[in-house]
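The values are calculated or read from the model by the stated rules, or taken from the named source; none is laboratory data. Predicted, not measured: the structure shown is a model, and the values here were computed from it. Virtual Cβ from ideal backbone geometry, glycine too; neighbours counted across all protein chains shown. Surface accessibility is based on the protein's heavy atoms, side chains included, excluding ligands, DNA and RNA. Shrake-Rupley method; radii C 1.70, N 1.55, O 1.52, S 1.80 Å.
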Amino acid sequence: MALSVMIGWTGFLASDDSLYYAGADQWMSDPPFAGDNHWTTRFPLLWSFAAMLGLFGRGFTAFAATALLWYGVLVALVGLFAVRIGGMRTGWIAALIAATLPVIVTNATTVGVDLLETALLLGGAWLLGESKGEGEAEAERAALGQGLMAGMCFGTAIICRETSLLALVAMGPLFLIGRPVARSVLLAAGVGLALVLGAEVLFQWALTGDPLRRYAIAFNHDSHIDRAANHEGNFLLHPAIDPVLVLFINDDFGLLFWVAGVAAMVGMRLGFGVVRSRPLLVLAAMALASFVLVAVLTEKLVLNPRYFMLPAIMAVVVASLWLSTLASSWRWLIVTGILTVNLLMLSVGNAHPRWEMESLIEASRTHPDEVISGDPVMVRRAKLPMHFAGRANIRYAPASAGGLVVAPIGQAPAGEIVARYPSPPTRLGGLIEGLGLRDRVPGILHRRMFAPNETMVLVRTPE
């Protein structure tokens, strides 16, 4: 986990994490807070973030602690779930794969809702799968209690993000067939879900007078997706197969779905060696529902790998079940290959996606007695880091005559270049440069490997 986070570290993105901070800070300074946008109504994440702000103070340490908290919870939950399904060896393999899986690690270094939402859905699936709902009265009461807690997990996941509802569509078919979870347990889960969502409705009603306020905000947040799905780094050919291509050809998943595919084919022929099948069946139903609905809701969701987190967890468990049955030499050869590819995929990512903002902040630090101008979007993104640093010497471009401005070198205004800020290489690019092997890398890969961002310059404009 430490190696994965070190290689994949991005940190503050000046995006959703800024909005989560605003909400958590409001809960710290003037609670209760009903939320005023799509992000600040995600109370479970805001409360954990606020707790870290209280523990570590208002700064980026609290950001890191919040992200790493839910990373640790999810990895542990995946490992323990796999232990229940296939034994200790399966659990350790699942934890190793989950701890290095790029789609998980890239969300483990910045404050976001993805890992928390996935942990809640997985926890709910586990509780449902462990319930029996038949037999003696005491066992039935215990099963209903597990169903109630599962529903509360699901309700909390929905408050984190409404996309959780996609996975919960699976409960309909499970209720109709009455297995692997008893209908009474599913009804108890519905009660638990209603309790959580009902409490949130009452909270909004008490504070704002509008009980459905969060849903109005959520459903008008992005009513139509007009962004191209390939902006998410996918390899796409045709809408009919694009969702499958996202799973099999994407940096965020590495070799996971290829290995899980082999594992599924072998398992169907020879068996998986599953100790407890019901939790796995519940998770499989939820993962399938989530995948299918994300695939068809093209006007509401882009094909972002993080929306396929639950299918990825399912694939981790299936792959681990198969790998745990192999001979030791083959098992660790394949596991090592999976982990190596995962870490390699992490190392080719751009660790400085806000390089323009970082350059602006650096220029403000090295020229504290002057006002630095920059792109208005980047100035707004830099607001929080500047606040934490105790500086306020940046403003929207254009610069005044004789003033300083930070801009990409290809768009820099006329004037004297005072400083250059070349883009840091990717982690793999830095390693290759350190080994003196840069010349052996094909030229077509140089920009992505060694300069993933455009060089920024600090220019003094003519007077």
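Per atom type, the chain shows carbon and sulfur on 64% of its accessible surface, probed at 1.4 Å. For the chain, rounded, prolate or oblate, judged on the Cα gyration tensor with a ≥ b ≥ c (square roots of eigenvalues), a/c < 1.5 rounded, else prolate if a/b > b/c? In terms of gyration-tensor shape, oblate. Would you mind classifying the range 66-198 by shape? Square roots of the alpha carbon gyration tensor eigenvalues, ordered a ≥ b ≥ c; an a/c under 1.5 is rounded, otherwise it is prolate if a/b is larger than b/c and oblate if not. Judged from the Cα gyration tensor, the range 66-198 comes out oblate (a/c at least 1.5, b/c at or above a/b).
Note on His446 and Leu236: the model spin-label points, each 7 Å out from Cα along the C-beta direction, lie 3.1 nm apart. Computed with a 1.4 Å probe over protein heavy atoms only, the accessible surface of the range 325-463 comes to 55 Å² per residue. Could you calculate the FRET efficiency of Arg395 with Asp16 from 1/(1 + (r/R0)^6), where r is the beta carbon distance between them and R0 is 35 Å, rounded to 0.05? Computed FRET efficiency for Arg395 and Asp16 comes out at 0.90. Counting only protein heavy atoms and a 1.4 Å probe, the range 82-208 has 38 square angstrom of accessible area per residue. Extending 7 Å from Cα along the Cβ direction at Asp30 and again at Asp439 yields two label points whose distance is 6.3 nm. Given their separation in residues at 0.36 nm each and the Cα-Cα distance between them, Ala2 and Ser184 gain 61.2 nm when the chain is fully extended. Working note: 222 nm ellipticity from helices only, DSSP H runs with n ≥ 4, each -39,500 (n - 2.57), summed and divided by the residues of the chain, gives -19000 deg cm²/dmol to the nearest 500.
Our estimate of slack between Glu463 and Ala216, defined as 0.36 nm per intervening residue step minus the Cα-Cα distance, is 83.8 nm. Distance distribution note for the range 53-127: the fraction of Cα pairs above 18 angstrom is 43%.
Only the Cβ atoms of Lys and Arg (+1) and of Asp and Glu (-1) were treated as charged; on that basis the dipole of the chain about its Cα centre amounts to roughly 960 debye. Within the chain, the whole DSSP H helices whose Cα atoms reach 15 Å or more along their own axis and whose mean Kyte-Doolittle score is at least -1.0 are 16-29, 43-56, 60-86, 88-100, 114-130, 137-160, 183-208, 256-270, 278-296, 309-323, 328-347, 355-366. Between Ala414 and Lys383, the contour length at 0.36 nm per residue exceeds the Cα-Cα span by 8.5 nm.
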